[in-house]
Amino acid sequence: MTYSSDTNAIADAAADVLIEAREVLAGGFRPYERVRVRRAGEDVETRDLLRAGPAVAVLPIDLAREEVVLIRQFRVAAQLANGKGDLVEIVAGHVEENEAPPATARRECIEEIGVAPELLIELFTYLTSPGISDEEVTLFLGIVDASRAALAPDAREASALLRVSIDAALSALAHRRDATVVFAPTLPPMP
């Protein structure tokens, strides 16, 4: 085991790897691929992955009212995982081809909570589940007027819009060991 106080030593880095073959196993909403890779000095390994691509997540917050705007959406994977498929989520969506993440963030806010952010602040980008997916999410803080937020009449995914105090939202996150909130983009990274 190697120990280092150099911060570069704990940063992600490019891998010395050769992609030998890629095969699409299934199409649909997101492609599912099998990839054969060879790392330096090792045998070929096979990995399957979901090609989800870039996405955004936005925490819509109203500083004047001290509220956050959340949505409730049904997710079949959550239902299968733990029986709680009706998730409380922040605004999120996939980046369309030739669309910049800030434009996606604005579009998704309008589509999901009916209001565009007055200001978007990019916080960080992270991989949601790098062992199985290439989905890379850019998280934004979106300053909104929560009083104007409304669920779109033709909303296909969201079933409810929730305006909650910042304190109530933080309390729900603090109690996540009790599974109050389980959707990954809603959760901040743990130290």
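Summary of values
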| item | result |
| --- | --- |
| Selection status of Pro153, assigned by TED's automatic domain parsing to the domain that holds Ala100 and either more than 18 Å from the chain's Cα centre (by Cα) or surrounded by 13 or more Cβ atoms within 10 Å (Cβ to Cβ) (or both) | yes |
| Out of Val68, Val56, Val88, sole residue that is of a type in the set (Val, Ile, Thr), in a strand (DSSP E or B) and under 24 Å from Asp134 (Cβ atoms) | Val56 |
| Residue count, the stretch 27-46 (criterion: outside any loop (DSSP other than H, G, I, E, B) and either of a type in the set (Phe, Trp, Tyr) or loosely packed, with under 12 Cβ neighbours inside 10 Å (or both)) | 3 |
| Residue match in the stretch 20-32 (condition: modelled with pLDDT under 85, closer than 18 Å to Glu136 by Cβ and either touching a His at 6+ places or on another chain (Cβ under 9 Å) or outside the structural domain of Ile132 (by TED's automatic domain parsing) (or both)) | yes |
| Conditions (1) surrounded by fewer than 13 Cβ atoms within 10 Å (Cβ to Cβ); (2) modelled with pLDDT under 95; number of the one not met by Glu118 | (2) |
| The lone exception for Arg148 - which of (1) modelled with pLDDT under 80; (2) exposed (fewer than 13 other Cβ atoms within 10 Å of the Cβ); (3) not polar (S, T, N, Q) it fails | (1) |
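The values are calculated or read from the model by the stated rules, or taken from the named source; none is laboratory data. Values in this document were obtained by computation on a predicted structure and should not be read as measured data. Methodologically, a virtual Cβ is constructed for each residue, glycine included, from the backbone with ideal geometry; neighbour enumeration extends over all protein chains shown.
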